[in-house]
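J.: Quick one: structure below, then a few questions.
The values are calculated or read from the model by the stated rules, or taken from the named source; none is laboratory data. Predicted model only: the values in this text are computed from it and were never measured. Don't worry about glycine lacking a Cβ; one is built from the backbone with ideal geometry, like all the others, and counts go over all protein chains shown. For the accessible areas, the whole protein counts, side chains as well, though only heavy atoms, and no ligand, DNA or RNA atoms are used. Shrake-Rupley method; radii C 1.70, N 1.55, O 1.52, S 1.80 Å.
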Amino acid sequence: MNHKDTKSTKSDKQGSLSVLRVFVVNNFRYALLLPALLFALAPVYWMLTISLKTEVDQFASPPPWFVFTPTLEHYYDAFVTRAFGQYLITSAIVAVTSTGCALIIGTMAAYALARFQLPWSLNRRLSLWILSTRMFPAIVTAVPLFLMMRDVRLLNTRASLIIVYTAFNLPFVIWMMRGFFADLPRDLEEAALVDGDSRLGALVRVVLPLVAPGLAATAMFCLIISWNEFLFALVLTQTDAAMTLPVGIAGRVTQYEIKWGVMSAAASVAIVPILVFALVLQKYLVRGLSMGAVKG
Amino acid sequence: MSIEFQHVSKHFGGTCVVDDLSLEIRDGEFVVLLGPSGCGKTTTLRMLAGLESVTSGDIFIGEERINDVPTQHRDLAMVFQSYALYPHMTIAENIGYPLRVRKIEKTERAKRVNRVAAMLEIESLLERKPRQLSGGERQRVALARAIVREPRAYLMDEPLSNLDARLRVQMRGELKRLQHQLGTTTIYVTHDQAEAMTLASRVAVMRKGRLQQFDTPMNIYNHPANRFVAEFVGSPSMNFVEGKVDFDNGTFVNDSLSILLNASQLSELTGQSDLTIGIRPEHIQVLTEPHDGAIAASVYVTELMGNETFVFLSVGTNRLIARAPADFRAEVESKVWLRLAIEKAHFFDLVSGDVCYFPVRRSVP
Amino acid sequence: MLLPVLFIAPALAVLLSLSIYPLIYSVTISLQQETSAGVTWSFENFARLASDNFFLTAMAHTFVYTIAALTCEFLLGLGLALLLNKQIRGRGLFRASLLVPMMLPTVVVGVVWRLMLNPNFGAINGTLKQLGINTESLTWTASPRLAMLSVIAVDVWQWTPFVFLVLLAGLQAIPQGPYEAALIDGSSRWQTFRHVTLPLLKPAILIVLLLRTMDLLRVFDQIFILTEGGPGFATETISLYIYRTAFRFFDFGYAAAMSFVLLALTSVISAIYIRFLQAKEAV
């Protein structure tokens, strides 16, 4: 009887020890996560506060993280007084138009690559070539594109950016959409054909509705990439009429006296679409950013 | 509508997948293309549908040569192995799709969809999406989509293979009855010989791209053209024993057994020496007592099926299967005696597999 | 055959005219020299590279930047991924938050960190001061010694989440089977990691290393905003030098020549990576 009792208490102790260990281990993960999260978001938060602080608060030392009187003067300054409103509109127009063009042209090409067997193993070769154009350092094509645009007098126009961004986004669209098309079973299109639909009709009525989520994700990626793009915009547009938001922000930085408030206000607005998209896209992001190599 | 294949061949790169296939299918027939995987039956079906191009030869539907007619204009209906239901459409939209692409207007469309749904007892499912349906229900939707527009012929690519065994048997019967009702030419692809035997008016057995035999199920069962067909059709399959005819003693012999042949067989087989003899399990009677002329054998194992018993036997180095009544019992390794209905035996050339001797007169289809 | 050609043609046309033709244009001008006699063909632009100190320094900076940032991002990302390879509550929100740094416009990243690193009112020095550390000499982006460290740190901040997420996805794609088999076989944690986890993670690792290396070699935006290549030229990487040559000195031919060296470099390196990737897949 005694012997049994000691045995059960020993296992009780071991039981509670392991429960404790499990608790610590699990929460240790959260303990690591939280700082990582803060570390990722704190600088962005800091910038937001700068955009809302008066100049006095901005230069205060020690810097107030949470307690300060907010003001919208910098936002007014940036978007009404100065030309940031125009930069914003330019960014939006360029992003949307180039994404639209890239989607149309790219989806068609992606469909052909996914469904048709081309001779000379062109399917594979074309795909690899398209992938490689994505790998070019931007500066390599930026310099000649500047000269080319200058030659056709398209410098400092929105059109030049739209054209370049379409070309910029195209490889990505083709790569992503090809994956989505390949995931779709051939059966469905064949059934549509046998049912009497034309190839185009099958594409519109059967294929497109089914790749719609993939299409939406690709579109959002392209919008983000176009919205964020800096180098080509910097090289191709230097006038207020044609500058995009990133170029406008950078312009303030290289100036004599840096207006931090204006700059952070503009930057804070610039990231709004990003934050929205990030929440929506987070499921597809890993797949998109790793060029489909890893399915998140 | 009649369908005809004239010397149709299909090559993929260097490989020949269908080799000089000629087949004449009459209007209203239920023809089954039967064979193991890779024999070219699905490719043949797809060539008919227009989903694969024809390398050489001609395909006719009625009087029309359809080699160059695009799929959407061939007016055929197809039931895919995977059913290929459109996942983003409701069942009603799925069934109505062939009518929609023919620009048939809405009310007429709805009328026809409802009629077909009633025929297949799926009216309650019309507003659901494919992912909400069971396998059997999806299969019926695929069928409904095929029959809603009254095409020239139905093409079916192993439509029952994704169903569980019991449902498969049930659907088999319903399919046969449906086809009988509709009377439309049907071409059905399967590797399951039971489906072929029960559904077809005629069966085309294929192997490695070549047509082996095209005849009614009964003729294929009773008069297989070669060893492959004989082995493929019938379950459990036919027994094969290789050996020689000893004309002096009037027997068929190999190193462990000797079978007495009848006069008709001996006269037909003169000149042949190395042969394979084929006997169906139902033509072997297993006796527990020795009998005159019976062959000694030992029991390898028995399988009690409930309605009958399969007896696996060894005769020297030969392995045979026999069908016995349900109450037959025997111990493993016990000695038994076999009486063969030799007049029902088939003889095949050892090398080519072609049949040398037909046991019974063939009935004209 | 007509249909697929029709479908692919527009894309090919765009890519040929806007990706390939510029390269040809670039080669052409890199091999040309304007002399008093007009335009002649010469290799002079390429020959200049060998003796150009700015170029050589820029290359050195680029390599230092790439290797340092890559190592930090990889080790941190891998470590985090291994530790966090379990079901976490609020995963979607967590993932979205971690994505923010890498989805920001690079310009904004530059702005954010210029603010953080400002020696007078930036949050970094402000917090350090509060902890009692003397920040007089910590002028981050204005200090020749610290500037390179600062830009590397910024890149690590921005892209470690990416490495983490891709490697995490890769880890979670590994089936349970091999782990269970290893356990039964008596493998220790380290052995399991070395012989089961790492090999199965190789494709994800290679892809992430490839993408990061390509991005790091061609870095421009963040450094442009943070330091403009300064102080002096302490953080000038190759892309920045090419930019300076083309758009401050307007020496397009020389810039084109340098672009080619950069392109050749990235092509060779990516070819090596892809060779590794394909070798893995063959196994």
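J.: Within the bounds of segment B:169-179, is there any residue that is under 22 Å from residue B:32 (Cα atoms), surrounded by 18 or more Cβ atoms within 10 Å (Cβ to Cβ), of a type in the set (Val, Ile, Thr) and in contact with a helix residue (DSSP H, G or I) (Cβ under 9 Å, 6 or more places away or on another chain)?
T.: No: zero hits.
J.: Let me ask something additional. Tell me, yes or no, whether segment B:59-78 has at least one residue that is within 10 Å of chain A (Cβ to nearest Cβ), within 30 Å of residue B:194 (Cβ to Cβ), surrounded by fewer than 21 Cβ atoms within 10 Å (Cβ to Cβ) and not acidic (Asp, Glu).
T.: No.
J.: Do we find that residue C:192 is of a type in the set (S, T, N, Q), within 14 Å of chain A (Cβ to nearest Cβ) and touching a helix residue (DSSP H, G or I) at 6+ places or on another chain (Cβ under 6 Å) in this structure?
T.: Taking the combined requirement at face value, the residue does not satisfy it.
J.: In segment B:102-122, how many residues are within 13 Å of another protein chain (Cβ to nearest Cβ) and touching a residue at least 24 places away in the same chain (Cβ under 8 Å)?
T.: 1
J.: Would you mind stating whether residue C:130 is open to solvent by 10 Å² or more (accessible area, probe 1.4 Å) and either facing chain A (nearest Cβ under 10 Å) or at pLDDT 90 or above (or both)?
T.: Details: open to solvent by 10 Å² or more (accessible area, probe 1.4 Å): yes; either facing chain A (nearest Cβ under 10 Å) or at pLDDT 90 or above (or both): yes.
For residue C:130, the condition - open to solvent by 10 Å² or more (accessible area, probe 1.4 Å) and either facing chain A (nearest Cβ under 10 Å) or at pLDDT 90 or above (or both) - is met.
J.: Still on this model: Give me the helices (runs of 4 or more DSSP H) completely within segment A:1-85, filtered to those with at least 3 residues that are modelled with pLDDT of 75 or more and acidic (Asp, Glu), ordered by residue number. Give the derivation first.
T.: On the way: elements: A:2-52, A:55-58, A:73-76.
Filter on segment A:1-85 gives an empty set.
J.: If the requirement is being touching a Leu at 6+ places or on another chain (Cβ under 6 Å) and open to solvent by less than 10 Å² (accessible area, probe 1.4 Å), which of these qualifies: A:194, A:262, A:247, A:207?
T.: Working: A:194 fails: touching a Leu at 6+ places or on another chain (Cβ under 6 Å); A:262 fails: touching a Leu at 6+ places or on another chain (Cβ under 6 Å); A:207 fails: touching a Leu at 6+ places or on another chain (Cβ under 6 Å).
Criteria check complete, one pass: A:247.
J.: Hey, another quick one. Assess whether residue C:273 counts as being over 30 Å from residue C:109 (Cβ atoms), touching a helix residue (DSSP H, G or I) at 6+ places or on another chain (Cβ under 7 Å) and more than 9 Å from every other protein chain (Cβ to nearest Cβ). Don't jump to the end; show me each part of the working.
T.: Numbers: over 30 Å from residue C:109 (Cβ atoms): no; touching a helix residue (DSSP H, G or I) at 6+ places or on another chain (Cβ under 7 Å): yes; more than 9 Å from every other protein chain (Cβ to nearest Cβ): yes.
It is false that residue C:273 is over 30 Å from residue C:109 (Cβ atoms), touching a helix residue (DSSP H, G or I) at 6+ places or on another chain (Cβ under 7 Å) and more than 9 Å from every other protein chain (Cβ to nearest Cβ).
J.: If you take just the helices (runs of 4 or more DSSP H) that sit entirely in segment B:91-174, which of them hold at least 2 residues that are farther than 25 Å from residue B:71 by Cβ? Break it down stepwise before answering.
T.: Values: elements: B:91-101, B:106-119, B:135-147.
Those helices (runs of 4 or more DSSP H) span B:106-119, B:135-147.
J.: Among the candidates B:240, B:228, single out the residue that is closer than 30 Å to residue B:34 by Cβ, of a type in the set (Phe, Trp, Tyr) and outside any helix (DSSP H, G or I). Talk me through it step by step, then tell me what you get.
T.: Values: B:228 fails: outside any helix (DSSP H, G or I).
Result: B:240 is the single residue among B:240, B:228 that is closer than 30 Å to residue B:34 by Cβ, of a type in the set (Phe, Trp, Tyr) and outside any helix (DSSP H, G or I).
Residue-wise test of (1) under 28 Å from residue C:207 (Cβ atoms); (2) among the aliphatic types (A, V, I, L, M).
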site	(1), (2)
A:38	no, yes
A:49	no, no
A:64	no, no
A:72	no, yes
A:95	yes, yes
A:102	yes, yes
A:111	yes, no
A:136	yes, no
A:140	yes, yes
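J.: Please verify whether segment A:213-229 includes one or more residues that are more than 7 Å from chain C (Cβ to nearest Cβ), open to solvent by less than 10 Å² (accessible area, probe 1.4 Å), more than 11 Å from the chain's Cα centre (by Cα) and at pLDDT 70 or above.
T.: Yes, segment A:213-229 contains at least one residue that is more than 7 Å from chain C (Cβ to nearest Cβ), open to solvent by less than 10 Å² (accessible area, probe 1.4 Å), more than 11 Å from the chain's Cα centre (by Cα) and at pLDDT 70 or above.
J.: Those residues that are within 20 Å of residue B:341 (Cβ to Cβ) and in a helix (DSSP H, G or I), I need them from segment B:213-225; list them, please.
T.: Residues satisfying the conditions are B:218, B:219, B:220, B:221, B:222.
J.: Return yes or no: is residue C:232 open to solvent by 10 Å² or more (accessible area, probe 1.4 Å), more than 9 Å from every other protein chain (Cβ to nearest Cβ) and touching a Pro at 6+ places or on another chain (Cβ under 8 Å)? It would help to see each step written out before you state the result.
T.: Details: open to solvent by 10 Å² or more (accessible area, probe 1.4 Å): yes; more than 9 Å from every other protein chain (Cβ to nearest Cβ): yes; touching a Pro at 6+ places or on another chain (Cβ under 8 Å): yes.
It is true that residue C:232 is open to solvent by 10 Å² or more (accessible area, probe 1.4 Å), more than 9 Å from every other protein chain (Cβ to nearest Cβ) and touching a Pro at 6+ places or on another chain (Cβ under 8 Å).
J.: Further question on the same structure: Looking at segment A:161-178, can you tell me whether even one residue there is farther than 23 Å from residue A:117 by Cα, more than 11 Å from chain C (Cβ to nearest Cβ) and open to solvent by less than 10 Å² (accessible area, probe 1.4 Å)? It would help to see each step written out before you state the result.
T.: Pass one, segment A:161-178, residues farther than 23 Å from residue A:117 by Cα: A:161-169.
Narrowing further to those that are more than 11 Å from chain C (Cβ to nearest Cβ): A:161-162.
Narrowing further to those that are open to solvent by less than 10 Å² (accessible area, probe 1.4 Å): A:161.
Yes, segment A:161-178 has at least one match.
J.: Now for a separate question. Here is a list: B:210, B:202. Which entry is among the basic types (Lys, Arg), open to solvent by 70 Å² or more (accessible area, probe 1.4 Å), within 30 Å of residue B:42 (Cβ to Cβ) and touching a strand residue (DSSP E or B) at 6+ places or on another chain (Cβ under 6 Å)? Spell out the reasoning first.
T.: Numbers: B:202 fails: open to solvent by 70 Å² or more (accessible area, probe 1.4 Å).
Of the residues listed, the single one that is among the basic types (Lys, Arg), open to solvent by 70 Å² or more (accessible area, probe 1.4 Å), within 30 Å of residue B:42 (Cβ to Cβ) and touching a strand residue (DSSP E or B) at 6+ places or on another chain (Cβ under 6 Å) is B:210.
J.: OK, next. How many residues, within segment B:319-334, are open to solvent by 20 Å² or more (accessible area, probe 1.4 Å) and closer than 21 Å to residue B:240 by Cα?
T.: Quick first cut of segment B:319-334, residues open to solvent by 20 Å² or more (accessible area, probe 1.4 Å) only: B:319, B:321, B:323, B:325-334.
In the following step, the residues that additionally are closer than 21 Å to residue B:240 by Cα were identified as B:319, B:321, B:323.
Within segment B:319-334, residues that are open to solvent by 20 Å² or more (accessible area, probe 1.4 Å) and closer than 21 Å to residue B:240 by Cα number 3.
J.: Answer with yes or no whether residue C:252 is over 27 Å from residue C:160 (Cβ atoms), touching a residue at least 60 places away in the same chain (Cβ under 8 Å) and open to solvent by 20 Å² or more (accessible area, probe 1.4 Å).
T.: Numbers: over 27 Å from residue C:160 (Cβ atoms): yes; touching a residue at least 60 places away in the same chain (Cβ under 8 Å): yes; open to solvent by 20 Å² or more (accessible area, probe 1.4 Å): yes.
Yes.
Yes/no matrix, rows are residues, columns are (1) modelled with pLDDT under 90; (2) more than 18 Å from residue B:142 (Cα to Cα); (3) not charged (D, E, K, R):
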site	(1), (2), (3)
B:2	no, yes, yes
B:10	no, yes, no
B:23	no, yes, yes
B:56	no, yes, yes
B:76	no, no, yes
B:82	yes, no, yes
B:89	yes, no, yes
B:110	no, no, yes
B:119	yes, no, yes
